[in-house]
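Peer 1: Have a look at this one before I ask anything.
The values are calculated or read from the model by the stated rules, or taken from the named source; none is laboratory data. Values in this document were obtained by computation on a predicted structure and should not be read as measured data. So basically every Cβ, Gly included, is an ideal-geometry build from the backbone, and we count neighbours across all protein chains shown.
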Amino acid sequence: MPPLTEHIVLRDLDIPNIRDFDVYLQHGGYEAFRSAVTEKTPAEIIGMVKDAGLRGRGGAGFPTGVKWGFLPKDVFPRYLLCNCDESEPGTFNNHQIIDRNPHQLIEGIALSAYAVECHTAYIYIRGEFAAAARTLDAAIQNAYAKGFLGKNILGTGYDLDVFVHRGAGAYICGEETALMESLEGKIGQPRLKPPFPAVAGLYAKPTIINNVETLANVPMIIGKGVQWYRQFGTEKSPGTKAFSLSGHVNNPGNYELPFGLPLRELIYAPEYGGGMRGDRPVKIVIPGGASAPWLTADKLDITLDYEGVAAAGSMLGSGAVIVLDETVSAVELAYKMDEFFKHESCGKCTPCREGTWYLTKVLHRVSTGHGHANDIPLLHDVYNQMAGNCFCLLGESAVSPIRSALKLFPEEFEAAIRNGTPRQAPRLAIPLVAVAAD
Amino acid sequence: MALRDIHGAEIDTLLARYAQRRSAVLPLLYIAQDTYGHLTDDAVREVAEIIGMPATDVFEVVGFYSLYYTKPMGKWVLQVCDDVPCCFCGAEELITALEQALGLRAHGETTRDGMFTLERVKCVAACNKAPVLQANLDYIYNLTADKADELLNELRRRADSGEQLSVSGRAATV
C-alpha cells in the first residue's frame, strides 16, 4: 500500500505551520463549518458523518453518527465533550494533533456541536498537557475573534461556546462517565450505565462525548464529502487512523495510514517504523494500547483494521502500537503494565482496586527473582477473579497483560521462579547529599 | 492576600463557564497551588469557600488527583515517565542518573535547597520521544541519562534568573 498522498488528521505533515490560524484559514480552514451553518441542517451533517462510516478513534470504534443519533429528541440543553484525556502507555496522537493542528480540532468540535444542536462544548484535556491546553485556548480565542464561535455565528443565529477544562492527573478520567464526574468537580470515578451519556450525561443532560482524533476527522468529511473520505480505508473501517508507533523501532512516531495496512509494513517500511533497533527480531507487539492482548512475531502479517486485529485475537483499540524486542522480559512487561493499571485504578470497585494491587505485588516479586513456587496459579486465580467483575473497563484491561504474558511466555515465569536470580543488577547506592527532611 | 484579591477576575471567568460552580474546582485548585506554593489546608478551605462547596469534597478532590501537592515542592517538579515503553528505552537509567545527581530517591523527595522535586510518573503521552520527563509540566524529550546533568544546570540557571515558575504548569510552553 502506498503512503497517503494527503493526510486527513495529521495535516501538519502536509502543510507546514498549519498550527497558525492564518495558515489554517489559507488552506480552507473553517470553510466546512461555514458551509454547514449557512447551508446545511444539523440532520444533514449527522447523515454525512454516518454515511462516511466514521468510527470513534478513542478505542471502542463505535460509529460516530450512530452515537449522535442516540440523543433524545427535544431535550435541551445538550453538551458536547471532547475527550482529550490521553493516554495509556503507547498512545500519543492526540498530543500531536493539538500541538500541531489545533484549529482542525476546534473546527471539528464546532461542526459536531452544530450537528447535535448544542451550545456549550468542553474539551477535557489531561492535566499534564498544560502547554497543549494553552495552545487550544489560543486557538479558541482566534476562532471567537473571527466569529466562528460565540453568539450569532456568521449571522446565522447559532450560538456556541467552547471551553478548555484541564484535568489534574488521573487516567480514569478518560472513561466517559468518570470524565463527566470530574468535569462536575468530583473525583473521577465512573458511573453505572445505563443511563448512557446521550440520555443523562454532564449535569444529567444529554451529552455526546468524542475523542480528539474522531472530531478532527469531521471537518474533512463535511468539507471534502463522503465519497472522497471513503476512498481511504476499508468498507467497514473507512478513513485513516493515526497510529502511534513506539518501542524498539528505529523511527517511533505517529503515522496516519488508511485502515488495512499490514502490521509488518508499519514496523519495517522505511517511511514508517524503519525496522527494529539494531535489527533485533520482534518479540512482542501490543497493537492497540495497554489493554490489547499481546501478539508475537508470527502475527506480523495481520492487517491493521478493527476486523483484522480482532481476528488475530487482539484489538485495534486506540491504535497505539508498542513493539518490543527480545531484550524485554515478558514478566517485567506484565509487571510494568499492571503497575500502570494499579496506579490509575480509581478505587471504586474491589476487583480492580485489590486485583491490580495483588497482580503488581506478585509480578514484582517474580520479576525481581523472589517468586514463590505457587505464584503462577496464584496469578491465574487473581486475574480470573477480576475478569468480568470490574465496574469499568480499566480493571478489565488490567487482566489483558498478565493473561497474555502467561499464555504466550509461561516458560519465562517458570524460569524466573525456578532460577530466582534478579534480572537486573542491583541499583547503585544513592549518595546522601542534601536530602530534605520529609 | 486572599485568592479573590489577586485572581478575582480569572476566578469569576472560570465560575461563569459552568452550569454548576463546583465544576471550577480543578482550575481554582491550580490557582491556589501556584499562589501558595502548595495546597495547605487553609488554601483548600478557601477554594471551598469561593465555590460554596463542602470543604470535605475539595479535600477529597485534592487527594484523588496526582497533580495537586499538599506538601512543599521544589521550584522545579521533575516527573519522569517510568511506564512502558519509556522504561525499556532508557527511563530507568535516566532516573538513576537524576537520583545520583540530586542525592535523593524518585519518590517525590525534594532537594534541601528547595530547587528540585523528583517523581516517577505514568505515561505522559510522548512515547515516541522516550525517555521523557516533564519539568513543571514542560516536556523534555529524548532525555537520555547522559543529558541529565546538563538539564539540571539549565533548570537551576533559569530558576536563579528569577523566571516565573509554576508547578501547576500554568506557565508551560510548547
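Peer 1: Can you name the residue in region A:168-200 that is over 16 Å from the mean Cα position of the chain (by Cα) and crowded, with 24+ Cβ neighbours inside 10 Å and, of all such residues, is farthest from B:Phe64 (Cα to Cα)?
Peer 2: Filtering first and then ranking leaves A:Pro197.
Peer 1: State whether the residues of region A:90-99 include one that is in a helix (DSSP H, G or I) and of a type in the set (D, E, K, R).
Peer 2: Looking for residues that are in a helix (DSSP H, G or I) and of a type in the set (D, E, K, R), one finds at least one in region A:90-99, hence yes.
Peer 1: Moving on to the next point. Is there a residue in region A:284-298 that is among the acidic types (Asp, Glu), out of contact with any helix residue (DSSP H, G or I) (no Cβ under 8 Å at 6 or more places or on another chain) and over 20 Å from A:Ala415 (Cα atoms)?
Peer 2: yes
Peer 1: Collect the residues in region B:118-131 that are within 10 Å of chain A (Cβ to nearest Cβ) and either buried (at least 23 other Cβ atoms within 10 Å of the Cβ) or not in a strand (DSSP E or B) (or both), keeping them in residue-number order.
Peer 2: Within region B:118-131, B:Lys122, B:Cys123, B:Val124, B:Ala125, B:Ala126, B:Cys127, B:Asn128, B:Lys129, B:Ala130 qualify.
Peer 1: So which residues in region A:331-356 are more than 12 Å from chain B (Cβ to nearest Cβ) and either basic (Lys, Arg) or in contact (Cβ under 8 Å) with a residue 40 or more places away in the chain (or both), if there are any at all?
Peer 2: Matches in region A:331-356: A:Val331, A:Cys349, A:Pro351, A:Cys352, A:Arg353, A:Gly355, A:Thr356.
Peer 1: How about region A:28-53: which of its residues are of a type in the set (Val, Ile, Thr), more than 26 Å from A:Phe259 (Cα to Cα) and buried (at least 17 other Cβ atoms within 10 Å of the Cβ)?
Peer 2: The answer is A:Val37, and nothing else.
Peer 1: Give region B:82-108 a look and list any residue that's more than 8 Å from chain A (Cβ to nearest Cβ) and of a type in the set (A, V, I, L, M, F, W, C), or say none.
Peer 2: Correct list: B:Cys86, B:Ala91, B:Leu94, B:Ile95, B:Ala97, B:Leu98, B:Ala101, B:Ala106.
Peer 1: Give the residues of region A:108-132 that are facing chain B (nearest Cβ under 9 Å) and either β-branched (Val, Ile, Thr) or buried (at least 24 other Cβ atoms within 10 Å of the Cβ) (or both), sorted by residue number.
Peer 2: Selection gives A:Thr120, A:Tyr122, A:Arg126, A:Glu128, A:Phe129, A:Ala130, A:Ala132.
Peer 1: So, one more: How many residues does region A:12-66 contain that are of a type in the set (Lys, Arg) and closer than 27 Å to A:Glu176 by Cβ?
Peer 2: 3
Peer 1: Scan region B:133-174 for residues that are within 14 Å of chain A (Cβ to nearest Cβ), part of a helix (DSSP H, G or I) and among the basic types (Lys, Arg) and report the count.
Peer 2: Qualifying residue count for the region: 1.
Peer 1: Right, here's the next one. Restricting to region A:306-321, name every residue that is part of a loop (DSSP other than H, G, I, E, B), under 19 Å from the mean Cα position of the chain (by Cα) and surrounded by fewer than 24 Cβ atoms within 10 Å (Cβ to Cβ).
Peer 2: If the condition is that a residue be part of a loop (DSSP other than H, G, I, E, B), under 19 Å from the mean Cα position of the chain (by Cα) and surrounded by fewer than 24 Cβ atoms within 10 Å (Cβ to Cβ), then A:Ser314, A:Met315 are the ones that fit.
Peer 1: If you don't mind, another one. Would you be able to tell me the number of residues in region A:13-43 that are in a helix (DSSP H, G or I) and at pLDDT below 95?
Peer 2: Final tally of qualifying residues: 1.
Peer 1: Determine whether B:Glu109 is outside any strand (DSSP E or B) and of a type in the set (Asp, Glu).
Peer 2: No: the conditions fail for B:Glu109.
Peer 1: State all residues of region A:1-59 that are without any contact (Cβ under 8 Å) to a residue 24 or more places away in the chain and among the β-branched types (Val, Ile, Thr); if no residue qualifies, say none.
Peer 2: Passing the criteria: A:Thr5, A:Ile15, A:Val23, A:Thr41.
Peer 1: Report the residue count in region B:75-102 for those that are in a loop (DSSP other than H, G, I, E, B) and without any contact (Cβ under 8 Å) to a residue 60 or more places away in the chain.
Peer 2: Within region B:75-102, residues that are in a loop (DSSP other than H, G, I, E, B) and without any contact (Cβ under 8 Å) to a residue 60 or more places away in the chain number 6.
Peer 1: Is at least one residue of region A:206-223 surrounded by fewer than 19 Cβ atoms within 10 Å (Cβ to Cβ) and either of a type outside the set (S, T, N, Q) or part of a loop (DSSP other than H, G, I, E, B) (or both)?
Peer 2: Within region A:206-223 (the criterion being surrounded by fewer than 19 Cβ atoms within 10 Å (Cβ to Cβ) and either of a type outside the set (S, T, N, Q) or part of a loop (DSSP other than H, G, I, E, B) (or both)), the answer is no, since none of the residues qualifies.
Peer 1: Further, regarding this structure: Going by the conditions given, is A:Glu107 assigned to a helix (DSSP H, G or I) and either modelled with pLDDT of 95 or more or closer than 18 Å to A:Asn217 by Cα (or both)?
Peer 2: Considered against the rule, which asks whether it is assigned to a helix (DSSP H, G or I) and either modelled with pLDDT of 95 or more or closer than 18 Å to A:Asn217 by Cα (or both), A:Glu107 comes out as yes.
Peer 1: Search region B:58-76 for residues being away from chain A (no Cβ under 11 Å) and closer than 12 Å to B:His38 by Cα, and hand back the single one that is surrounded by the most Cβ atoms within 10 Å (Cβ to Cβ).
Peer 2: B:Lys75
Peer 1: Please tell me if A:Glu265 is part of a helix (DSSP H, G or I) and within 14 Å of chain B (Cβ to nearest Cβ).
Peer 2: No: the conditions fail for A:Glu265.
Peer 1: Is it true that some residue in region B:30-37 is among the small types (Gly, Ala, Ser), buried (at least 23 other Cβ atoms within 10 Å of the Cβ) and either in contact (Cβ under 8 Å) with a residue 60 or more places away in the chain or in contact with a helix residue (DSSP H, G or I) (Cβ under 7 Å, 6 or more places away or on another chain) (or both)?
Peer 2: Taking every residue of region B:30-37 in turn, at least one turns out to be among the small types (Gly, Ala, Ser), buried (at least 23 other Cβ atoms within 10 Å of the Cβ) and either in contact (Cβ under 8 Å) with a residue 60 or more places away in the chain or in contact with a helix residue (DSSP H, G or I) (Cβ under 7 Å, 6 or more places away or on another chain) (or both).
Peer 1: What number of residues within region B:104-155 are over 21 Å from B:Cys89 (Cβ atoms) and aromatic (Phe, Trp, Tyr)?
Peer 2: Residues in region B:104-155 being over 21 Å from B:Cys89 (Cβ atoms) and aromatic (Phe, Trp, Tyr): 1 in total.
Peer 1: Within region A:73-107, how many residues turn out to be in contact with a Phe, Trp or Tyr (Cβ under 9 Å, 6 or more places away or on another chain) and away from chain B (no Cβ under 11 Å)?
Peer 2: Within region A:73-107, residues that are in contact with a Phe, Trp or Tyr (Cβ under 9 Å, 6 or more places away or on another chain) and away from chain B (no Cβ under 11 Å) number 9.
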